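Read through the structure below, which is laid out as structure tokens, and then see the notes.
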Amino acid sequence: MRRLVKAGDDTAVRVCLSFALPLEHVPLLERQMLRMASAVTGETLPAATLCWVWGVQEPREQPIDNPYSRRVRYLVLRGQDDGTGRWFDERRDVATDWRRTFGDEGSELPPVAAVIVAGDADDTGGRLRALIAGLTFEP
């Protein structure tokens with residue numbers, strides 16, 4: 001799996017699902033880091049977050065580790081060459097994408113703990129605007 005660098009993790013938009021992955025599936029060092037972070041913040045932190053991203057220069061369908069934490073992994077859906085000002089319909093098989101990105105920690109899809117929609121342009125200093133409509137989950 002490829003890894004982005006911290007200075008280049010900007011994305012035009014990302015839709016993420018955080019999962020309640022049992023900690024025993026998380027590698028030991030990362031599990032300990034999660035426990036320490038939870039103790040410091042008083043929050044239960046998600047053990048796994050899968051983000052579908054638009055706007056990076058990586059090849060489509062490329063799984064990528066987040067540069068800050070391997071607990072977050074990206075799948076690239078669209079790149080900068082797809083242009084702006086257009087709507088795209090995206091459909092994903094979450095279980096399949098889970099196995100592609102976190103399959104080394106368990107092939108069974110854990111329960112969803114949170115849905116996150118975000119953009120990030122702090123490293124490029126750019127501006128972004130992304131519209132998302134009709135976000136649904138289907139069996």
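Observations
- If you plug the beta carbon distance of Thr41 and Leu135 into 1/(1 + (r/R0)^6) with R0 = 30 Å, you get a FRET efficiency near 0.65.
- With semi-axes defined as the square roots of five times the eigenvalues of the C-alpha gyration tensor, the equivalent ellipsoid of the range 28-69 measures 27, 11, 8 Å, largest first.
- The distance between label points at Ser107 and Arg31 comes to 2.1 nm (points 7 Å beyond Cα on the Cα→Cβ vector).
- Table column - 3J(HN,Hα) (Hz), the range 91-107, Karplus curve with 6.51, -1.76, 1.60, x for Gly and Pro: 10, 10, 8, 4, 4, 5, 5, 4, 5, 5, 9, 10, x, 5, 10, x, 8
- Sorting Leu21, Leu109 by solvent-accessible area of protein heavy atoms yields Leu109, Leu21, largest first, with a 1.4 Å probe.
- FRET efficiency, 1/(1 + (r/R0)^6) with R0 25 Å, evaluated for Asp81 and Leu23 via beta carbons: 0.05
The values are calculated or read from the model by the stated rules, or taken from the named source; none is laboratory data. This one's a predicted model, so the numbers in the text were calculated from it and none came from an experiment. Neighbour counts are summed over all protein chains in view; Cβ atoms, including those assigned to glycine, are modelled from backbone coordinates with ideal geometry. For the accessible areas, the whole protein counts, side chains as well, though only heavy atoms, and no ligand, DNA or RNA atoms are used. Shrake-Rupley method; radii C 1.70, N 1.55, O 1.52, S 1.80 Å.
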